[in-house]
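Here is the structure we will look at.
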Amino acid sequence: MKNLKKEFTSLFYSMSVTRDRAEVWRDIVFLWAAAINNRVNYKQKVEDAYLATIQKYTRDEQERIAEMLAIVAADMARDPEQDFLGGFYMAERLGNPRRGQYFTPYDVADMMSRITLGTAGAEIKRKGYITVNDPACGSGVMLFAGANCLRRQKIGVESNVLFVGQDIETGIGLMAYVQLSLAGCPGYVVIGDSLSEPLTGNVLKAPDNAWVTPAYHAFIFKHVLGGTDYVDRIRPGQYSRAECCEAGSIDAGVRG
């Protein structure tokens, strides 16, 4: 069996030999996020930024970027109990320690989820759903560790839990968005300062500047519009690595 993380690292290195590594990483994460977002929540300004960014890379590099996303999807499906992107980000020292960018290890996030989500089932029975919020979400480890904790309790995350994250830095918050999307978690991520720009109002209504996951609309359809017919269609690991890579390549080819 291939070492997917080693393969992922090799592809990243192949594109950052003559470029700034941190900039390449931000570009890659943004391209993934934009490709996911604009399939479920199309925004022209995101599309324009996507086109401007993808043009910095050759056709071969665009295919490598799609292949990297396929690897993330495959490895998360193989082992959902991990922070793939956050782990890579920290291991490669792509962050800025002066900004306090030290991500919580997955095991710690898992422990905190076990402590805080033990009564989730009772709350869902009372209210119909629960929300899990992280106002400084980083790569999203607290959110999808919570999702894994709830799934171990046999709670249908796709139908009963809304995940909301916020982070001040775009490149980091979008890591959370990508991983939440691949994990089949309904919710959204907002880029902004949670101290000066806190999320307020109805949590079910994603703000205009939110990056909504593919599973978000099905969740809202159930809990706001009362529908149930397609809530269960979105599942983590729904698409194979080959399908994910092919979709990414087509997307880059048509739009790049």
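What is the pair-distance distribution P(r) of the stretch 41-190, computed from all Cα-Cα distances in 5 Å bins starting at 0, with each bin given as a whole percent?
With 5 Å bins starting at 0, P(r) equals 2, 9, 16, 20, 20, 15, 10, 5, 3, 1, 0.
Give the residue from 171, 22, 131 lying farthest towards the positive end of the charge dipole for the chain; charges sit on Cβ (+1 for Lys and Arg, -1 for Asp and Glu) and the dipole is referred to the Cα centre.
The Cα lying farthest towards the positive end belongs to 131.
Give me the net charge of residue 213's neighbourhood, meaning all other residues with Cβ under 12 Å from the Cβ of residue 213; Lys, Arg count +1, Asp, Glu -1.
0
May I ask for the angle, rounded to the nearest 10°, between helix 44-54 and the longest principal axis of the chain, with both axes built from Cα atoms and the value confined to 0 to 90°?
Helix 44-54 sits at roughly 40 degrees to that axis.
Using the heavy atoms of the protein chains and a 1.4 angstrom probe, tell me the accessible area per residue for the stretch 3-86 in square angstrom.
45 Å²
Report, to the nearest 10°, how far helix 241-255 tilts away from the longest principal axis of the Cα atoms in the chain, using its own Cα long axis and a range of 0 to 90°.
60 degrees
Pull out a ≥ b ≥ c, the square roots of the eigenvalues of the alpha-carbon gyration tensor of the stretch 72-115, then state rounded if a/c is under 1.5, prolate if not and a/b is larger than b/c, and oblate in the remaining case.
Oblate, since a/c reaches 1.5 and b/c is not below a/b.
For helix 59-78, report the angle its Cα long axis makes with the longest principal axis of the Cα atoms of the chain; keep it between 0 and 90° and round to the nearest 10°.
Rounded to the nearest ten degrees, it is 30.
So how do 125-134, 164-173, 148-157 stack up, highest first, on mean other-Cβ count within 10 Å?
Descending packing order for the listed peptides: 164-173, 148-157, 125-134.
How large is log10 of I(q)/I(0) for the stretch 1-99 at q = 0.10, 0.20 Å⁻¹ when the intensity is taken from the Debye formula with one equal scatterer per alpha-carbon?
Computed log10 I(q)/I(0) values: -0.29, -1.13.
Tell me the carbon and sulfur percent of the accessible area for the chain, rounded to whole percent, probe radius 1.4 Å.
Exposed carbon and sulfur together represent 54 percent of the surface.
Quick check on my link table: of 154/222; 6/154; 5/154; 45/222; 5/43; 154/205, which ones sit more than 21 Å apart, alpha carbon to alpha carbon?
6/154; 5/154; 45/222; 5/43; 154/205
The values are calculated or read from the model by the stated rules, or taken from the named source; none is laboratory data. Only a predicted model underlies this, so the values are computations on that prediction, with no experimental measurement involved. FYI the Cβ positions are ideal-geometry reconstructions off the backbone, even for glycines, and counts take in every protein chain you see. The protein model used for the area step is the full one, side chains on, heavy atoms only, and it has no ligands, DNA or RNA in it. Shrake-Rupley method; radii C 1.70, N 1.55, O 1.52, S 1.80 Å.
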